[in-house]
Structures are given as C-alpha cells and as structure tokens.
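First up is the structure itself, then whatever we jot down about it.
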C-alpha cells in the first residue's frame, strides 16, 4: 500500500541520486521554529540550504519535500559510530514543534501516529535496522537537542521501531542521582562510544543520551541510573 503524502518540493538537495542500499538510517528532527508555516518556508527556501525528506504537521499530515533517493540537507556535521556524513546514508523526518528555544511542546497523537506509519514504511522499504533509527541529537550531540526528551522513543521501541532497555522503573528510580566514581564515569563515557555517541563535550553527549534513554531528567550529570542503562544497551 503506497504511503499517503502531500508534495511540496524543496530545492535543497544533491542533484546526484544515491543507491537504495546506501540508505541505512532514519533521522528524526523537530523544526525548532515558532510556526509551522515558518518551518515549511525555511525547508523549501533555496537561500536556507536546509531540507529534509519528509515534514509532519501538527495535524499529522505528511509532506514529501525531497524524493528519498536524493540526499537532503538535514543532518549537517554529524557522526554515529564509524559513520560520518550522515546525510548521504539517511532519510530525514522533520516534525513541527517549536523546540527548546520557543516553548518546547509535547508531540501530538496525530504526529506520533503518522511518524510511526512513515518509519514503518521506510524500514520495510529499505530494510533499515531499528538500531539505525536515531534523533538529530544522537548524531550531533555537541550542537543539537532535537527531537528532545518529549519524543516517545520508548513507545517506538514497543512498536519495534527503536532500541530501548528493559530495566524496571523502580530499579532505575533507586539509582537516579546516585553518584558515580571517576572510574565509573570513565566506563560510562566508553559505553557511550560503544552505543554510537561521539562528541567533544561529555556533558552535552550525556544530555543527548538522557534525552533518548532517560527523559525524566536531562541534567548532563552521570549517575548510577545512566551507567546502568548504558550497560544494558551495549
């Protein structure tokens, strides 16, 4: 069954087509702009040099901006494990949300429902591993926060469209805010690299990890809860 989308093509993409086999990642973003119209205008303005493949509105409508076999300009400077130049190997999905700068909001039910439909469609089409469904802050932790701690990664994992841990909340709460030794902090930083996180600022990388896997508290501090989750993920 074909995916139902509207079309509003962006001029911001590489002219040369890529091979289907090179599409191995899905990157989730929020728009981070005051209004939905402003976000769409920017993504389709040749002067902005920014785009994504898909745009999801507050009402859950899906708009195709760049055909999938062309490289959209959504990831910027980014890296995950040994893979750099993430634009070349990913499909970008922008979800309208004002973001942390303009009053970060909870994503709507319709947005998440459409996101699930779109991701499942892409996973089936390109055989993308759930380990390779990532947020912008995962691949660019030093400079990005999106899609942020309000994006329901655990819900995606329940739909087999993301990775998650299976540690019980009661156990995690008992570990929250409990200090780690220097050796444990070092182990945590190594665990981050094994998971895929790369960045120069450990506090910012830790926040990116927390937004993804410990959204209840995003403080950049390494505690026993973070250490436990990181161990489980690897």
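The sole residue among 115, 63 that is assigned to a helix (DSSP H, G or I) and assigned by TED's automatic domain parsing to the domain that holds residue 10 is 115.
Of all residues in the range 11-45, those being assigned to a loop (DSSP other than H, G, I, E, B) and over 17 Å from residue 90 (Cα atoms) number 8.
Within this structure, residue 125 passes the test of being farther than 26 Å from residue 193 by Cα and either surrounded by fewer than 22 Cβ atoms within 10 Å (Cβ to Cβ) or at pLDDT 95 or above (or both).
Put simply, of 163, 229, 222 the only residue that is under 14 Å from the mean Cα position of the chain (by Cα) and touching a residue at least 12 places away in the same chain (Cβ under 8 Å) is 163. Residue 10 falls short on exactly one of the conditions (1) at positive phi; (2) over 17 Å from the mean Cα position of the chain (by Cα); (3) in contact (Cβ under 8 Å) with a residue 60 or more places away in the chain, and that condition is (1).
When you scan the range 167-190, do you find a residue that is modelled with pLDDT of 95 or more, crowded, with 18+ Cβ neighbours inside 10 Å and at positive phi, even just one? No, the range 167-190 has no match at all. Scanning the range 217-225 turns up no residue that is touching a helix residue (DSSP H, G or I) at 6+ places or on another chain (Cβ under 7 Å) and closer than 28 Å to residue 24 by Cα. Filtered by the rule that a residue be over 21 Å from residue 78 (Cα atoms) and either buried (at least 22 other Cβ atoms within 10 Å of the Cβ) or modelled with pLDDT under 95 (or both), the range 128-156 gives no residues.
The values are calculated or read from the model by the stated rules, or taken from the named source; none is laboratory data. Here the structure is a predicted model, which is why all the values come from computation and not from measurement. No Cβ is skipped: glycine too gets one built from the backbone with ideal geometry, and neighbour counts run over all protein chains shown.
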